[in-house]
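First the structure, in the form of structure tokens, and then the observations on it.
The values are calculated or read from the model by the stated rules, or taken from the named source; none is laboratory data. Computed from a prediction, not measured in an experiment: that's the story for all the values here. A quick note on method: Cβ atoms are made from the backbone with ideal geometry, for glycine too, and the neighbour counts reach across all protein chains shown. The protein model used for the area step is the full one, side chains on, heavy atoms only, and it has no ligands, DNA or RNA in it. Shrake-Rupley method; radii C 1.70, N 1.55, O 1.52, S 1.80 Å.
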Amino acid sequence: MECPHLEESVRVSTLVQTNTNGNTSKLCCAECSTEDSPWICMMCGSVGCGRYVSGHALGHHESHSEHCVCMDALSYAVYCYSCDEFVINDTQTGHFDALRKCLSATRSNGEMRQKSQRRRSEPLNEVENDAKKQKKELKKIRPKSSGLRNLGNTCFMSAVLQSLSNIQHFCGYIKQLPSLEDKNNKMRKVITRKQSRDGTDKDVLLVEELRKTLIAIWEGGKSAISPESLLHVIWTLVPRFRGYQQQDAHEFMRYLLDRLHTELLALLPYTSTTNNNSPFIGPKGKSTIVSAIFGGLLQSEVNCLICGVESKKHDPFLDLSLDIPVQYHNVKTTKGKENMDLPVCHLSECLTHFTEVEELEETELYMCTGCKKKQRSTKKFWIRRLPNVLCLHVKRFKWVTSFRQKLETYIDFPLTNLDMNKYILDMHETRGTTVGSNIYDLAAVIVHHGSGAGSGHYTAYVLHEGQWYHFNDSTVTACEPETVARCKAYILFYIRREIRLPDYLTVSLNGVPQARRGKVS
């Protein structure tokens with residue numbers, strides 16, 4: 001929300017307090033000296049711990065009612081106690097932005113001092129010197145795109161946006177759309193009226209803000225941009241994403257793609273496919289760039305164990321959620337560790353597990369059409385149609401009693417040549433839909449760092465023009481393929497080596513290579 005108390009309750013724009021060790025990179029509570037959850041009063045600069053520690057920041061406000069605005073020194077989120085809400089606007093002179101830069105610089109200086117101390121105490125050997133030189137060379141490689149500034153635990157959004165922005169056919173299409181604010185006002189009013197009747201959405205368009213954000217990312221004029229407008233739209237549309245607490249990157253990605261698909265179906269009218277300059281996706285109500293790029297089709301088969309009646313169902317999907325086989329749940333090794341005897345889980349095992357026959361639980365008994373009642377049954381998934389971009393979500397979080405536990409299992413995944421032929425339905429049943437290559441190459445990986453589903457940090461590894469980059473919010477650095485292969489993947493984006501798009505998408509879009517003609521696979 002936009003807070004009305006800023007001009008009267010915000011005076012601080014620089015860091016003045018130090019912790020008990022004199023180190024400004026770690027702030028401590030003025031009351032209890034804890035370094036957990038430090039909040040800075042934006043009126044006087046005093047530091048108090050958050051309400052989930054001892055609540056001294058809230059107590060400070062209660063003693064000084066005009067001191068109602070504070071900033072989280074770790075996530076840079078701003079909160080107003082008077083409004084009882086997180087704040088997205090800044091003062092006219094930019095106090096928040098100035099303090100965030102100060103905090104960031106102080107944190108970086110603290111980390112550099114720690115690294116310097118380690119260097120002095122631990123002399124480098126020859127191998128370490130070579131690694132140091134290689135790292136310096138990688139730092140010289142600059143990407144064409146910008147990073148995304150963290151606006152307060154918004155790394156989940158940044159990792160997803162950077163991954164999608166490097167899928168060229170998707171990003172190129174969104175960027176070349178006309179301004180939906182100017183050219184589609186009538187259709188905009190229609191869709192927003194329908195949404196307002198649902199009581200969930202307001203007069204905003206996610207696709208328009210995404211278009212602006214992707215254009216800004218690829219302008220390349222800044223090392224990092226601030227996606228405040230896009231964040232504000234997301235807050236408006238989805239209340240559960242509101243605030244500065246950590247969100248799940250997979251849930252956000254699914255919402256983003258579903259919402260884009262819905263908006264584009266309503267906003268973009270049908271344009272004849274004979275017009276090769278058309279920016280529109282095709283027949284209204286049938287497909288969008290989302291379904292053309294990420295859309296696949298599953299076939300589920302349920303068999304009654306009593307009478308043998310088989311039931312088949314087709315379900316579209318935008319991503320596949322893969323379980324880690326139970327035998328790997330307690331394996332926490334990282335690729336490259338010394339203990340080579342520990343079992344390594346391969347991505348192929350997760351895919352095989354997804355397509356294996358399983359017996360349904362007692363709580364999921366199948367209503368058999370032959371027996372006319374619920375019976376024990378088995379279920380199996382086949383991939384009937386593969387998408388152009390295969391998005392694989394590794395289910396790293398599982399419920400243990402009343403909380404979610406993270407599985408730290410390392411998954412060995414290929415950077416190239418992922419062969420999906422063994423997981424698709426038999427050729428005789430889907431003849432003509434699987435013709436051509438079903439070989440995929442990795443384009444991006446989202447990684448969750450930390451132990452909790454509602455905490456931690458997200459970053460993304462992205463391949464662009466043959467070079468891998470690590471996107472860590474506003475910081476973008478080049479890296480080696482070996483670094484990518486060692487990460488504990490959470491979401492993987494694989495691109496089909498021979499992309500097959502509809503005829504109305506084969507036209508080159510703003511520098512995007514022309515797609516091969518053919519039916520959507």
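Observations on the model:
- Members of segment 444-488 found to be open to solvent by less than 20 Å² (accessible area, probe 1.4 Å) and over 14 Å from the mean Cα position of the chain (by Cα), listed by number: Gly452, Trp468, Tyr469, Val476, Ala478, Cys479, Val484, Ala485, Cys487
- Here the condition is being part of a loop (DSSP other than H, G, I, E, B), at pLDDT 80 or above and at negative phi; of Thr352, Thr416, it holds for Thr416 alone.
- Looking only at segment 47-59, and only at residues there that are open to solvent by 30 Å² or more (accessible area, probe 1.4 Å) and either within 24 Å of the chain's Cα centre (by Cα) or in contact (Cβ under 8 Å) with a residue 24 or more places away in the chain (or both), the one that is farthest from Ser229 (Cα to Cα): Ser54
- Residues in segment 6-16 include at least one that is in a loop (DSSP other than H, G, I, E, B), at pLDDT 90 or above and open to solvent by 40 Å² or more (accessible area, probe 1.4 Å).
- Scanning segment 353-373 for residues that are under 27 Å from His329 (Cα atoms), free of Cβ contacts under 8 Å to residues at least 24 places away in the same chain and not hydrophobic (A, V, I, L, M, F, W, C) yields Glu358, Glu361, Glu362, Thr363, Glu364.
- Condition check for Tyr469: closer than 19 Å to His393 by Cβ and either part of a strand (DSSP E or B) or at pLDDT below 95 (or both): no
- Pairs are defined by a Cβ separation below 8 Å, a sequence spacing of at least 6 or placement on different chains, a first member in segment 222-244 that is of a type in the set (S, T, N, Q), and a second member that is surrounded by 15 or more Cβ atoms within 10 Å (Cβ to Cβ) and assigned to a helix (DSSP H, G or I); the pairs so defined are Ser229/Glu209; Ser229/Lys212; Ser229/Thr213.
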